[in-house]
Amino acid sequence: MDIQLENDLKISRAKFGLLKDMLVLIFPEVPTIHKKFLIQLTPDELKRSYMSQAAICHPDTADELDREERKTRQMRYQRLSMAYKALLPHIENIHQKVRDLESRQKGKTSTEESPTKTILAVGGAKGGVGKSVLATNLAVGLSLLGQRVVLADLDLGGADAHLLLGVKALFTDWNDFLEKKGRAVDNILTATPFEGLSLIGGNSAKLGSANLTYSQKMKIARHLKTLDCDYVIVDLGGDTSFNVLDFFLLADQKIVVTSAEPTSFLDTYNFVQVAFYRFLDRFFTEHKGLKDLCAQIREFSLGKTGGPTLESIFQKVRATDLSAYIKLKLHIEEFHLSIVTNMAESRKDVGIAESMQRLLKKKCSLDVGILGTIPFDTSVRKASRHFTPFIIDDPRCKASHVLNQMLAGILLLREPESIRTELLEKTRLIRDTAKEQIGGSTMTLDGLTEEQISFISDRAPNLRQGLRKILRLVATK
């Protein structure tokens, strides 16, 4: 297929020249960076080559360097890192456009019209903070905006998401899928009263239903990725078992819910910390030279008096395997975690998410987004008693107002990362806090202000209809 840079990909000669200058740094073995190379390049190939070159030119990979040699290598490493971070969103965008063009030629549905699904996990260690209520309302809200959504209730010890959707009885659930070999996950989907929204429910009344084996967990994880929809919302239980943590880590975007109570804040921080330790444990297991670090992670000894700190662990990885260290840092940038504070009652409560954000940056080197702060609202309790999502029962209440701002941020995920970055850069004067959330791989998921929604709706054709519907709802309080 003959793809033209200017006509098909909207890449001018000047822009192609800039991209080539950066690609030369990451692919020094390629004699000439031509049009075909750019079109065929995938984000994974770019990442692998960057990691390889970074390990070669990093000053710590060579012994007995004098001051000038170390300075030269350090400058080369910095240029390489800057080139990679600048290139990645552009290569992702180009790769997506090429796939769209190829799909159209083959007569398939364009991926622009039906993008790759996004998996959102809603978790948190404390029960009663409203995880299931948030998960069901996000699912319903997205379906009302024309998205195809599957709500997967994986709180297998207390599965009740179906009740919050007004589904009184389940005729199929996760147990049917796990116990009957060869049964496709599509066969256990339950219809809901909301167009575009399906449910996979659980049966916590069955003995042992919460105790998944490793093979059962992996089977569910594999099949969640095969669901034909735009979004999968995963509702998780309130504990830190390996099953809960692994489903949480499976998600493209991880949402952790806390309330304004001090005990909830501590429980939420501990949940994120344990999830991060689980992430590190799995990473170290995949690298032979780092397996000895797994014991320290599993004992949760990090940060204890006299024990190793997270920074010392990173330094040990760096000294043992620099290539693995670079890969680890890239994976941490792609952790994609956001906070929701629920049932906030005062202005002081609004700052809870920001405190958590700063703490996780300091302790775990994580860039965390703030998806929203939902105020305490009697309409939410009333809707739950009626087994109705509050976004349906009272679409004008304060909680629905915030939820719609959260939905706008989630909808923005449908745009390629380069476009999301550009749109948020242009709205940084509208919301100053966006300044720290702009950039390639450190993009976080945040709720949008009314001004941002209005600005983006005029500049993102694919999202215009959904965002304008949200804007009509949040404009009337």
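The values are calculated or read from the model by the stated rules, or taken from the named source; none is laboratory data. Remember, it's a predicted structure, so these values are computed and weren't measured experimentally. Glycine gets a Cβ as well: all are built from the backbone with ideal geometry, and neighbour counts include every protein chain shown.
In the set (1) buried (at least 19 other Cβ atoms within 10 Å of the Cβ); (2) part of a loop (DSSP other than H, G, I, E, B); (3) within 21 Å of the chain's Cα centre (by Cα), Leu170 fails one condition alone, (3).
Looking at Ala205, is it of a type in the set (A, V, I, L, M, F, W, C), free of Cβ contacts under 8 Å to residues at least 40 places away in the same chain, surrounded by fewer than 19 Cβ atoms within 10 Å (Cβ to Cβ) and assigned to a loop (DSSP other than H, G, I, E, B)? In short, yes. If only residues of region 1-20 that are surrounded by 15 or more Cβ atoms within 10 Å (Cβ to Cβ) and in contact (Cβ under 8 Å) with a residue 40 or more places away in the chain are counted, the one that is nearest to Asn93 (Cα to Cα) is Leu9. Hey, among Phe194, Phe177, which residue is in contact with a His (Cβ under 8 Å, 6 or more places away or on another chain) and among the aromatic types (Phe, Trp, Tyr)? Exactly one of Phe194, Phe177 is in contact with a His (Cβ under 8 Å, 6 or more places away or on another chain) and among the aromatic types (Phe, Trp, Tyr), namely Phe177. There is no residue in region 288-297 that is within 24 Å of Val340 (Cβ to Cβ), in the same structural domain as Val350 (by TED's automatic domain parsing) and surrounded by fewer than 20 Cβ atoms within 10 Å (Cβ to Cβ). Within region 176-185, none of the residues are assigned by TED's automatic domain parsing to the domain that holds Ser338 and within 25 Å of Gly130 (Cα to Cα). When only residues in region 48-60 that are buried (at least 18 other Cβ atoms within 10 Å of the Cβ) and either outside any helix (DSSP H, G or I) or not small (Gly, Ala, Ser) (or both) count, which is modelled with the lowest pLDDT? Looking at the filtered set, the residue picked out is His58.
The listed residues are Asp63, Asp21, and the only one of them that is at pLDDT below 85 and more than 27 Å from Leu250 (Cβ to Cβ) turns out to be Asp63. The condition (being surrounded by 22 or more Cβ atoms within 10 Å (Cβ to Cβ), under 24 Å from Thr118 (Cβ atoms) and in contact with a Lys or Arg (Cβ under 9 Å, 6 or more places away or on another chain)) is satisfied by just one residue among Leu412, Leu423, Leu403, Leu407: Leu412. Scanning region 92-105 finds no residues that are assigned to a loop (DSSP other than H, G, I, E, B) and touching a residue at least 24 places away in the same chain (Cβ under 8 Å). Scanning region 426-477 for residues that are closer than 16 Å to Leu403 by Cα and assigned to a loop (DSSP other than H, G, I, E, B), we see that the one that is modelled with the lowest pLDDT is Lys477. Within region 307-356, the only residue that satisfies the criterion of being in a helix (DSSP H, G or I), more than 16 Å from Ala54 (Cα to Cα), over 21 Å from the mean Cα position of the chain (by Cα) and of a type in the set (Gly, Ala, Ser) is Ser312. In region 21-41, how many residues are surrounded by 12 or more Cβ atoms within 10 Å (Cβ to Cβ) and either under 17 Å from Lys85 (Cβ atoms) or among the acidic types (Asp, Glu) (or both)? Matching residues across region 21-41 total 7. Given the residues Thr190, Thr263, Thr258, which is the only one that is touching a strand residue (DSSP E or B) at 6+ places or on another chain (Cβ under 7 Å), in the same structural domain as Ala159 (by TED's automatic domain parsing) and touching a residue at least 60 places away in the same chain (Cβ under 8 Å)? Result of the check over Thr190, Thr263, Thr258: Thr258. Only one entry of Asn93, Asn137 meets the criterion of being buried (at least 20 other Cβ atoms within 10 Å of the Cβ) and modelled with pLDDT under 90, and that entry is Asn93.
Tell me yes or no: at least one residue of region 73-81 is surrounded by 14 or more Cβ atoms within 10 Å (Cβ to Cβ), modelled with pLDDT of 90 or more and not in a helix (DSSP H, G or I). No, the conditions are met nowhere in region 73-81.
Taking the conditions exactly as written (part of a helix (DSSP H, G or I), of a type in the set (Val, Ile, Thr) and either at pLDDT below 90 or surrounded by 22 or more Cβ atoms within 10 Å (Cβ to Cβ) (or both)), does Ile255 satisfy them or not? Answer is no for this residue. For region 383-392, the set of residues classified as assigned to a helix (DSSP H, G or I) and crowded, with 18+ Cβ neighbours inside 10 Å consists of Ala383, Ser384, Phe390, Ile391, Ile392, listed by residue number.
Going through region 6-44 one residue at a time, which ones are touching a Ser or Thr at 6+ places or on another chain (Cβ under 6 Å) and not in a helix (DSSP H, G or I)? Scanning region 6-44 gives a single hit, Phe27. Could you look through region 30-77, keep only residues that are charged (D, E, K, R) and in contact with a Pro (Cβ under 7 Å, 6 or more places away or on another chain), and pick out the one that is farthest from Tyr325 (Cα to Cα)? If we take residues in region 30-77 being charged (D, E, K, R) and in contact with a Pro (Cβ under 7 Å, 6 or more places away or on another chain), then Arg70 is farthest from Tyr325 (Cα to Cα). Taking the stated definitions as given, is Ile3 outside any helix (DSSP H, G or I) and out of contact with any strand residue (DSSP E or B) (no Cβ under 9 Å at 6 or more places or on another chain)? Judged against the criteria, Ile3 is a match.
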